[in-house]
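The next block holds one structure in the form of structure tokens; read it before the comments.
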Amino acid sequence: MPRRPAIVVGTDLTPISAHAVARAAAIAHEHGAALHVVHATSRLPRALVRRFLPDEAAGERCVREAVESVVADLRADGVTASAHLVPGSAATILRKTARDVDAALVVVGSRGRTLGGALIGSTAERVVEGKGAPVLLARQPRTLPYRAVTVAVDVDSDVRRAVDGATFAAGGAELSILHAYEGPFENKLMLHGADAGALRRYRDHSRGEAREAVESRIVEAGLDARLLRLVHGNRRPVLARAAKSGVLLVIDRSDSAARHGILGSVRCWVIEHTAGDVLLV
């Protein structure tokens, strides 16, 4: 009998993490997966406790009861769920729990940056560092299933892994594969006075090279090359436009992709500045 898949979701009992729990529950229900609801506990500073929380033990019981209430609601909806309250860093605990249960997916809430520029989603960034289970950053309220999935790839991306992750997180959604390309010498040609016709020919050449390279990766993955959508432009604004409501944006976080620019600063920028849900595989 096949082993039941496992999904790990982090909650800090805020409305943002409630979006993550709802999305994780929907995916768990679809796959018959076991859902592990993780809350990282931490002790408050003693001075704060003495002044504002005379009964610290009662406060800890309140937190536990709140997490257990979340799990009880999930079970009432038919989801196999369990609570994990563990002291320590949220990102560390989420990664460890995912390893311990061999999770197929980790789901976390993420708000990106505030208008003032203060980073809110730092836990999400730390969870996606390194290798491990795909990580879904759930930003939008879970009202309906995803209507579309856009898998962003580079010439060295693991297309099969990215599409498999997308299928698990949003199996019924319409799939497309996105590659943003720019000619490496386009700006220099412009600076040296290349006319519009020359620039158009150079872009056509760059587009042809990009299509050939990415289509070969798609075909190697056993997929239809017609899924590919080529877009000329810088990756950041292209990915920002793709990360919209109702669409799941999938980014490959493999080492090979990082060397070619789809990750690294681009990954951090997507986490911090886009509003839609993002899956990092």
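The values are calculated or read from the model by the stated rules, or taken from the named source; none is laboratory data. Only a predicted model underlies this, so the values are computations on that prediction, with no experimental measurement involved. Cβ coordinates were reconstructed from backbone atoms using ideal geometry, including for glycine residues, and neighbour counts include every protein chain displayed.
Of the helices (runs of 4 or more DSSP H) contained entirely in the range 34-124, those carrying at least 1 residues that are at pLDDT 90 or above and surrounded by fewer than 19 Cβ atoms within 10 Å (Cβ to Cβ) fall at 56-76, 90-100.
Pairs are defined by a Cβ separation below 8 Å, a sequence spacing of at least 6 or placement on different chains, a first member in the range 175-199 that is farther than 19 Å from Arg236 by Cβ, and a second member that is of a type in the set (Phe, Trp, Tyr); the pairs so defined are Phe185/Tyr202; Leu189/Tyr202; Ala194/Tyr202.
When the range 151-165 is filtered for residues that are more than 17 Å from Glu212 (Cα to Cα) and surrounded by fewer than 24 Cβ atoms within 10 Å (Cβ to Cβ), the ones remaining, listed by number, are Arg160, Arg161, Val163, Asp164. Ile262 fulfils the conditions (1) among the β-branched types (Val, Ile, Thr); (2) under 13 Å from the mean Cα position of the chain (by Cα); (3) at pLDDT below 75 except for a single criterion, (2). Within the range 1-16, being in contact with a strand residue (DSSP E or B) (Cβ under 6 Å, 6 or more places away or on another chain), surrounded by fewer than 24 Cβ atoms within 10 Å (Cβ to Cβ) and over 16 Å from Ala104 (Cβ atoms) holds for one residue alone: Ile16.
With a requirement of 3 or more residues that are modelled with pLDDT under 85, the helices (runs of 4 or more DSSP H) lying completely within the range 139-228 that satisfy it span 186-191, 196-220.
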